[in-house]
Amino acid sequence: MLKTLRQIQRIGIVTEPPPLPDDELRVREALSAKIREVLGSALCIRAVDAGSCNGCELEIHALNNAFYNVEGLGIRFVASPRHADLLLVTGPVSRHMEVALRRTYDATPEPKLVVAIGDCGACGGIFGESYASRGAVSNVIPVDVVVHGCPPTPTEILSGILTALASPGLGASRRAAAGAS
């Protein structure tokens, strides 16, 4: 023991240099601050499955895992459209879901944003428009951002959400134009 203490005294304490600050933490903090700046609180999302194959839902659920951890950014999923700031709609809108989607949209308080997820949400995908499907989400409610892919990755979905947040005036102007006509 005495030999070890003498060696420490002679050489000094040798340690690794401290790690450099992680740039990703700065991005997360800036993103969280931007969300709170735009909304004043956490971004609340209501996910609506309007008739999809559940491929997009699996990718949306991945946003809550430990790798993406969107709750740490100030983004949370809520059960009621009355608490939501953004609707995340997947799938081609089936005829049976058309009324439910409109009611969900109407129950969401202003200012509200809508993001259509996947190729089915964008244009109807392989289902298109038929006797059982209205096709794209934009055929039923106004859409602010479309995320293409079958299914899109969680990163693409998050990018679509952030794109919708970056331009909140887009949703209001589109709805004002639709209301005027």
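Within segment 38-66, track down each residue that is within 25 Å of residue 141 (Cα to Cα) and either free of Cβ contacts under 8 Å to residues at least 40 places away in the same chain or of a type in the set (D, E, K, R) (or both). So that I can check it myself, show each step before the final result.
Quick first cut of segment 38-66, residues within 25 Å of residue 141 (Cα to Cα) only: 38-39, 42-61, 63.
Hits for segment 38-66 are 42, 46, 49, 54, 57, 59, 61.
Scanning for something under 19 Å from residue 156 (Cβ atoms) and out of contact with any strand residue (DSSP E or B) (no Cβ under 7 Å at 6 or more places or on another chain), does segment 7-27 turn up at least one residue? It would help to see each step written out before you state the result.
Initial filter on segment 7-27 (under 19 Å from residue 156 (Cβ atoms)): 24, 27.
Then drop every residue that is not out of contact with any strand residue (DSSP E or B) (no Cβ under 7 Å at 6 or more places or on another chain), which leaves 24, 27.
Yes, there is a match, as at least one residue in segment 7-27 is under 19 Å from residue 156 (Cβ atoms) and out of contact with any strand residue (DSSP E or B) (no Cβ under 7 Å at 6 or more places or on another chain).
Can you name every residue in segment 20-52 that is of a type in the set (Lys, Arg) and either modelled with pLDDT of 75 or more or surrounded by 11 or more Cβ atoms within 10 Å (Cβ to Cβ) (or both)?
So in segment 20-52, the residues of a type in the set (Lys, Arg) come out as 26, 28, 34, 36, 46.
Once the filter is applied, which keeps residues that are of a type in the set (Lys, Arg) and either modelled with pLDDT of 75 or more or surrounded by 11 or more Cβ atoms within 10 Å (Cβ to Cβ) (or both), segment 20-52 yields 28, 34, 36, 46.
Which one is surrounded by the most Cβ atoms within 10 Å (Cβ to Cβ) among residues in segment 71-87 that are farther than 9 Å from residue 46 by Cβ and of a type in the set (A, V, I, L, M)?
75
Write out, first by first residue and then by second, each pair whose Cβ atoms fall under 7 Å of each other, whose residues are 6+ apart or on separate chains, and whose first residue, in segment 67-87, is under 17 Å from residue 154 (Cα atoms) and among the small types (Gly, Ala, Ser) while the second is loosely packed, with under 15 Cβ neighbours inside 10 Å and modelled with pLDDT under 90.
74/36
Test of understanding: among 55, 12, which residue is among the small types (Gly, Ala, Ser) and loosely packed, with under 12 Cβ neighbours inside 10 Å? I'd like the intermediate steps shown before the answer.
Numbers: 55 fails: loosely packed, with under 12 Cβ neighbours inside 10 Å.
Every option except 12 fails the conditions.
How about segment 66-86: which of its residues are part of a loop (DSSP other than H, G, I, E, B), out of contact with any helix residue (DSSP H, G or I) (no Cβ under 7 Å at 6 or more places or on another chain) and modelled with pLDDT under 90?
Across segment 66-86, the qualifying residues are 66, 67, 69.
When the residues of segment 102-123 are filtered to those that are aliphatic (A, V, I, L, M) and surrounded by 23 or more Cβ atoms within 10 Å (Cβ to Cβ), which remaining residue is modelled with the lowest pLDDT?
Looking at residues that are aliphatic (A, V, I, L, M) and surrounded by 23 or more Cβ atoms within 10 Å (Cβ to Cβ), I get 113.
Name the residue that is nearest to residue 98 (Cα to Cα), counting only residues in segment 124-149 that are modelled with pLDDT under 90 and among the hydrophobic types (A, V, I, L, M, F, W, C).
132
The values are calculated or read from the model by the stated rules, or taken from the named source; none is laboratory data. Please read these numbers as outputs of a predicted model, since none were measured by experiment. Glycine gets a Cβ as well: all are built from the backbone with ideal geometry, and neighbour counts include every protein chain shown.
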